[in-house]
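Colleague: What follows is a structure written as structure tokens; I'll ask about it next.
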Amino acid sequence: METASMRWVKEIKIDLDTCKGCKNCFNACFVDVIRWNAEAKKPVVAYSEDCVWCLACEAACPVQAIEVVPIIPAPLRVSF
Ligand code: SF4
Ligand code: SF4
């Protein structure tokens, strides 16, 4: 039986070398999956299990440094 917390995402990849530290992804994530490392001025994936695969962080990144990898099977993805 499915629990209340459904997992959508397998992995959230952030290329910290490409990242420009603009903080857009942190501001875009409304469920606090992405936290901010103020010292390094880089994002940190803190609670990937809470990610709802909205892709707001990916869309907000000006340098395409983020890739949110969903769990759902490939045939379903091509229908979007
Ligand atoms: S896909 Fe949405 S919920 Fe997941 S980390 Fe990005 S902004 Fe947050
Ligand atoms: S939106 Fe992209 S460039 Fe900006 S902090 Fe996040 S990963 Fe880095």
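Colleague: Under 7 Å between Cβ atoms, which residue pairs at least 6 apart in sequence (or on different chains) link something in region 6-20 that is polar (S, T, N, Q) with a partner that is in a loop (DSSP other than H, G, I, E, B)?
Modeller: Thr18/Val63; Thr18/Ala65
Colleague: Only residues that are of a type in the set (Val, Ile, Thr) and within 8 Å of ligand 2 (Cβ to nearest atom): list them for region 32-51, please.
Modeller: Ile34 - this is the single residue of region 32-51 that is of a type in the set (Val, Ile, Thr) and within 8 Å of ligand 2 (Cβ to nearest atom).
Colleague: Select, from Cys29, Cys54, the only residue that is within 15 Å of Glu67 (Cα to Cα), surrounded by fewer than 17 Cβ atoms within 10 Å (Cβ to Cβ) and more than 8 Å from ligand 2 (Cβ to nearest atom).
Modeller: The conditions single out Cys54.
Colleague: Another question about this same structure. For region 57-80, give me the residue count where each residue is surrounded by fewer than 15 Cβ atoms within 10 Å (Cβ to Cβ), of a type outside the set (D, E, K, R) and at pLDDT below 90.
Modeller: Matching residues across region 57-80 total 9.
The values are calculated or read from the model by the stated rules, or taken from the named source; none is laboratory data. Just so it is clear, the model here is predicted, and its values are computed rather than measured. For neighbour counting, all protein chains shown are included, and Cβ atoms are generated from backbone atoms with ideal geometry for every residue, glycine included.
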